[in-house]
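Read through the structure below, which is laid out as structure tokens, and then see the notes.
The values are calculated or read from the model by the stated rules, or taken from the named source; none is laboratory data. Worth saying up front: this structure is predicted, and the values here are computed from it rather than measured. Positions of Cβ are backbone-derived with ideal geometry, glycine not excepted, and every protein chain shown enters the neighbour counts.
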Amino acid sequence: MATVTRPVIPPRMPPREDLNPFHIAQLQFDMAAELLKLENGVRQILRVPRRILEVSLPVEMDNGQTKIFTGYRVQHNVARGPAKGGIRYHPNVSLDEVKALAAWMTWKTAAVNIPFGGGKGGVICDPKRMSKGEIERMTRRYAYEILPIIGPESDIPAPDVYTDAQTMAWIMDTYSIMVGHSVPGVVTGKPISLGGSEGRNEATSRGVVVIAEEACKQKKIPLRNASVAIQGFGNVGGIACRLFAERKAKIVAISDSRGGAYNARGIDPLRAQRYKDRTGTVVGMPGTSRITNDDLLTLKCDILVPSALENVITLANADQIKARIIVEAANGPTTPHADEILHRKGTYLVPDILANAGGVTVSYFEWVQNQQGYSWTESDVNAKLEAVMRRAFAEVAGSAQKHRTHLRHGAYALAVGRVAEATATRGLFP
Ligand code: GLU
């Protein structure tokens, strides 16, 4: 496959970098729309979310006081199927962030060609400072408040930052009680005992590693012994660390919200996980030196895997990035301005809407199993996931080549093209 030669997008890039995630999502979309010469009506539809719900959640805290939390559920597009996307609990959640994340889900499900649209939810809260009981009460009230717009045929939540299988179990239970019967397909990422899928917990990371393998083939870098730096040690980064190590890659740096740990000779992922479970952080792990998250991003390494939050690779540090390949396990880690700098430098970046789509792909498998009342084996799930990821990589690379651009624009052109076609074919109501 030919490597990318020139950026042909007429990037009407704003002169100054704007870190509002929704403005970034719109800019990414606009560039794809331009590339596809998309008809203006469809362009106007796809630039904005279809539906936004804001809810206030009164929750009784452990001290007896009532606290009000603000939550959102945004459905960006449902032309290709029900809205699909996670729920995030984080102090920095904002409506614009949820709108961006919902749009990215639309493009992600289309990039890997699964029959879903895009949605996202979030609650402004700090789950690290809440008890399990407080989180459960908040989750159940949130589920109740968004109940009118979610459902297995309309909008299917899943885990995202600081939510997990237990959170999904509470949402499934609340929804099921309200409608009077068990509805496992209303959420994905559930515990296996409630209809969760084998392989779902690892799926995002497994997809990331498959995509890293494909990227390595393109760049002719053997994954074996390749040096890997992973930012974030949550559900995605922590498991990716183990899966990279299983493929004999060398994990040189890991981090979490408190900082990072570095060892040029390699970090053992199982020891790192045990240390994190015991101390709450990877910082200070024996045999590693302490680094910051900023240091980690600019380390000399073969593969950089941002697996935390948005806007970590920006105009401020893009020209200092030394990784040869970036695989975006997080949503929105790189800004459009940084994209152009990395592209000019020859950094091979695989965008989030492809690289981290393994999670939603196995969410789709989970939903299919729930709708059929049937369950697949883990090896079946993993084989199907791998097939979807490898095919999507080839299609995105083909699209980038066709449009003579980098993989982000290639992925957007492919995804936006699919959603635009579905939207235009369905036509307008009324
Ligand atoms: N939160 C994950 C994502 O951003 C998973 C979404 C899902 O499985 O629906 O892709």
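Counting only residues that are touching a strand residue (DSSP E or B) at 6+ places or on another chain (Cβ under 8 Å) and either away from the ligand (no atom under 16 Å from the Cβ) or assigned to a loop (DSSP other than H, G, I, E, B) (or both), how many does region 128-147 have?
Residues meeting the conditions: 6.
Give the residues of region 188-226 that are of a type in the set (Ser, Thr, Tyr) and either surrounded by 16 or more Cβ atoms within 10 Å (Cβ to Cβ) or touching a residue at least 24 places away in the same chain (Cβ under 8 Å) (or both), sorted by residue number.
Narrowing region 188-226 to residues of a type in the set (Ser, Thr, Tyr): 188, 193, 197, 204-205.
Across region 188-226, the qualifying residues are THR188, SER197, THR204, SER205.
How many residues are more than 22 Å from TYR364 (Cα to Cα), touching a residue at least 24 places away in the same chain (Cβ under 8 Å), part of a loop (DSSP other than H, G, I, E, B) and charged (D, E, K, R) when one looks only at region 29-86?
Total satisfying the criteria: 2.
Any residue at all in region 346-368 that's closer than 30 Å to ARG16 by Cα, surrounded by fewer than 18 Cβ atoms within 10 Å (Cβ to Cβ) and at pLDDT 95 or above?
yes
Tally time: how many residues in region 87-96 are surrounded by 15 or more Cβ atoms within 10 Å (Cβ to Cβ) and either assigned to a loop (DSSP other than H, G, I, E, B) or among the β-branched types (Val, Ile, Thr) (or both)?
Looking only at that region, the number is 3.
How many of the residues in region 365-376 are under 12 Å from GLY196 (Cα atoms) and away from the ligand (no atom under 16 Å from the Cβ)?
Adding up the residues that qualify gives 4.
Being surrounded by 13 or more Cβ atoms within 10 Å (Cβ to Cβ), over 22 Å from the mean Cα position of the chain (by Cα) and over 21 Å from LYS300 (Cβ atoms) is the requirement here; does TYR262 meet it?
Against the criterion (surrounded by 13 or more Cβ atoms within 10 Å (Cβ to Cβ), over 22 Å from the mean Cα position of the chain (by Cα) and over 21 Å from LYS300 (Cβ atoms)), TYR262 does not qualify.
Restricting to region 341-364, name every residue that is more than 8 Å from the ligand (Cβ to nearest atom), under 30 Å from ILE87 (Cα atoms) and among the small types (Gly, Ala, Ser).
Scanning region 341-364 gives ALA355, GLY358.
Given the conditions (1) surrounded by fewer than 24 Cβ atoms within 10 Å (Cβ to Cβ); (2) of a type in the set (D, E, K, R); (3) within 15 Å of the ligand (Cβ to nearest atom), which single one is not true for LYS120?
(1)
Kindly evaluate LEU414 against the criterion of being more than 16 Å from the ligand (Cβ to nearest atom), in contact with a helix residue (DSSP H, G or I) (Cβ under 6 Å, 6 or more places away or on another chain) and in a helix (DSSP H, G or I).
When the stated conditions are applied, LEU414 passes them.
Keeping to region 324-340, report how many residues are more than 16 Å from the ligand (Cβ to nearest atom) and within 14 Å of the chain's Cα centre (by Cα).
Of the residues in region 324-340, 0 are more than 16 Å from the ligand (Cβ to nearest atom) and within 14 Å of the chain's Cα centre (by Cα).
Being without any contact (Cβ under 8 Å) to a residue 60 or more places away in the chain, more than 11 Å from the ligand (Cβ to nearest atom) and not polar (S, T, N, Q) is the filter here, so list the residues in region 172-187 that pass it.
Within region 172-187, MET172, ASP173, TYR175, ILE177, MET178, VAL179, GLY180, HIS181, VAL183, VAL186 qualify.
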